[in-house]
Amino acid sequence: MELNRRDLLRRAFRTGLALFGSAAAFDVVRGDLLAAGVPKAAAPRRAMAVDIARCIAAGDCRECITACHKGHNVPSIADTKREIKWIWKETFERAFPDEAHEFTRQDLKGKEVMTLCNHCENPPCVRVCPTGATWKREDGIVMMDMHRCIGCRYCMAACPYGSRSFNWSDPARVLPVKAANPGYPRRTKGVVEKCSFCDELADTGKLPLCVTACKTGALIFGDLNDAGSDVRKALAGRYALRRKPSLGTGPSVFYLV
Amino acid sequence: MRDLRIIIPLLAAVLLAAGLPVLYGLRPGQESSPPKLELPAGEKACVMPADYMRQSHMTLLRQWRESVVRTGDRTPVSAGGKTYEKSLSGTCFKCHAKKSAFCDRCHASLGAAPACWDCHHYTEEVAHGAE
C-alpha cells in the first residue's frame with residue numbers, strides 16, 4: 001500500500017491523539033486516586049489582628065520592631081531608600097489611604113499603626129516572582145527562599161504595601177556577626193526580604209516574636225480556620241479593617257478599630 | 001620541508017609548556033595528600049558515614065534546605081540513636097565549630113568557594129571577633 005501525504009497526516013494525528021489523550025486521562029485518574037487515598041488535614045490559615053487603639057495608646061513603643069529585627073538579623077539602615085524592614089510603623093493615612101479623610105477620628109488621625117507583610121490570600125508578589133523564590137505555603141504564610149532569589153525586585157514592584165526590602169549592600173557591613181543572632185541566618189547582598197510570620201516558630205506551634213514582645217497585647221496571632229482561636233475571637237467582637245482591600249489581595253492582617 | 005627545522009622545536013616548546021603543570025606535580029617528594037581536618041572532639045559519628053559526608057555533604061544540605069524551607073518539614077533526622085535538627089547553623093556548626101580548621105581546608109585545596117557563610121554566619125567569627 002502506498003502511503004500518500006493525506007494518510008500520513010491522518011495517521012500521525014490519530015497516533016498523537018491516542019498517546020497524549022491516554023497520558024492526560026491517566027494523570028486525571030491518578031490524581032483522583034491520590035487525592036482519594038490521602039485524607040488531607042485541614043491546614044491552618046495563619047493571620048494576625050492588630051488592635052490599633054492599644055498600639056496607639058502605647059505611644060512610641062517599638063518593642064515588636066526591636067524583637068523582630070533583632071531575632072531575624074534585620075540591619076537598621078537610616079537611609080529610607082536602602083532600609084530593611086520586616087515590621088514598621090506607618091501613619092493611619094498612609095496605611096489606610098481609602099479610609100482616611102478630612103474628618104478622620106482624632107484618635108486615629110496622624111497616629112502610627114504597625115504594618116508588616118499582609119501574607120495575602122492572593123499575593124501579587126508570588127505571581128510575579130520568576131524563580132519561585134517566594135510562594136504561599138499551605139498555611140497561608142507567604143515565604144521567601146533566599147537561596148532562589150535573584151534580586152530582580154519584581155515582587156517589590158508588585159507589593160502594594162511596601163512590605164519588601166532589597167539588600168542594596170552586604171548586610172554584614174551593617175550587622176556584624178558579633179551583633180547577630182546566631183540562631184537565624186543573615187541575608188546576602190542582592191536579595192529581597194520581608195516578614196515571614198515567623199514560620200520557624202509557627203511550625204513548632206509558637207507565637208511570632210513581635211506578638212510575644214508586645215507588652216500591651218495589641219498583636220493577636222492565630223488560625224482563621226479555628227473558630228476558637230484568639231484571632232477569630234477578636235474579629236468576632238470588633239470591627240476590623242484590612243489594608244487596601246479593593247486591590248483584591250486578601251490581606252491576612254486585620255486592624256481592629 | 002625546510003620549515004620543519006622551525007616547526008619541530010616550536011612544537012616541542014609548546015608541548016613542554018602545556019605539560020609543565022603535570023611535570024611540576026611529578027617532582028619527587030610532591031605526592032599530593034588530602035588536607036588534614038580537625039575533627040570535633042568528643043563526637044564520634046556524623047549524621048551520615050564519613051565517606052558519604054566527604055563526597056555528598058552538599059547533597060544532604062540541599063535536601064535539608066528543600067525540606068525545611070520549601071516544604072516546612074522540620075522533622076528531625078535520626079542517625080546512630082541520636083536525633084539531629086535539619087539545620088546548618090544549628091546542627092553542623094555546633095560540632096564543626098571551627099570553619100578554618102574543617103570546612104575551609106578541603107574547600108581551599110579544591111578551589112571550591114561555597115556561599116553558605118554569606119548568610120549562615122559562623123560562631124567562630126564571634127569567638128575570634130573577626131568581621
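The values are calculated or read from the model by the stated rules, or taken from the named source; none is laboratory data. Since the structure is predicted, the reported quantities are computational estimates derived from the model, not experimental observations. Using ideal geometry, Cβ is built from the backbone for each residue, glycine included, and neighbour counts are taken over all protein chains shown. Heavy atoms of the whole protein, side chains included, go into the accessibility calculation; ligands, DNA and RNA do not. Shrake-Rupley method; radii C 1.70, N 1.55, O 1.52, S 1.80 Å.
For A:S169, indicate whether it is in a loop (DSSP other than H, G, I, E, B), open to solvent by less than 50 Å² (accessible area, probe 1.4 Å), in contact with a strand residue (DSSP E or B) (Cβ under 7 Å, 6 or more places away or on another chain) and more than 9 Å from every other protein chain (Cβ to nearest Cβ).
Against the criterion (in a loop (DSSP other than H, G, I, E, B), open to solvent by less than 50 Å² (accessible area, probe 1.4 Å), in contact with a strand residue (DSSP E or B) (Cβ under 7 Å, 6 or more places away or on another chain) and more than 9 Å from every other protein chain (Cβ to nearest Cβ)), A:S169 does not qualify.
Identify, please: which residue in region A:189-225 is closer than 25 Å to A:Y154 by Cβ and surrounded by fewer than 19 Cβ atoms within 10 Å (Cβ to Cβ) and is, among those, nearest to the other protein chains (Cβ to nearest Cβ)?
The extreme case among them is A:K189.
Which pairs turn up if I take residues in region B:70-81 that are within 14 Å of chain A (Cβ to nearest Cβ) and look for partners that are open to solvent by less than 50 Å² (accessible area, probe 1.4 Å) and assigned to a helix (DSSP H, G or I) with beta carbon separation below 6 Å, at least 6 apart in sequence or on another chain?
Short answer, once both residue conditions are applied: B:D73/B:S67; B:R74/B:V68.
What residue, among those in region B:58-78 that are within 17 Å of the chain's Cα centre (by Cα) and open to solvent by 60 Å² or more (accessible area, probe 1.4 Å), is farthest from A:G140 (Cα to Cα)?
Selected residue: B:M58.
Out of all the residues in region A:49-76, which are of a type in the set (D, E, K, R), assigned to a helix (DSSP H, G or I) and closer than 14 Å to A:T115 by Cα?
The one that is of a type in the set (D, E, K, R), assigned to a helix (DSSP H, G or I) and closer than 14 Å to A:T115 by Cα: A:E63.
In region B:1-40, which residue that is open to solvent by less than 100 Å² (accessible area, probe 1.4 Å) and among the small types (G, A, S) is nearest to B:A108 (Cα to Cα)?
B:S33
Answer yes or no as to whether A:M156 is open to solvent by 20 Å² or more (accessible area, probe 1.4 Å) and touching a residue at least 40 places away in the same chain (Cβ under 8 Å).
It is false that A:M156 is open to solvent by 20 Å² or more (accessible area, probe 1.4 Å) and touching a residue at least 40 places away in the same chain (Cβ under 8 Å).
If you go through region A:104-115 one residue at a time, do you hit one that is at pLDDT 95 or above and under 14 Å from the mean Cα position of the chain (by Cα)?
Yes, there is a match, as at least one residue in region A:104-115 is at pLDDT 95 or above and under 14 Å from the mean Cα position of the chain (by Cα).
Identify, by number, the condition in (1) buried (at least 17 other Cβ atoms within 10 Å of the Cβ); (2) over 22 Å from A:A43 (Cα atoms) that A:E102 doesn't meet.
It is condition (1) that A:E102 fails.
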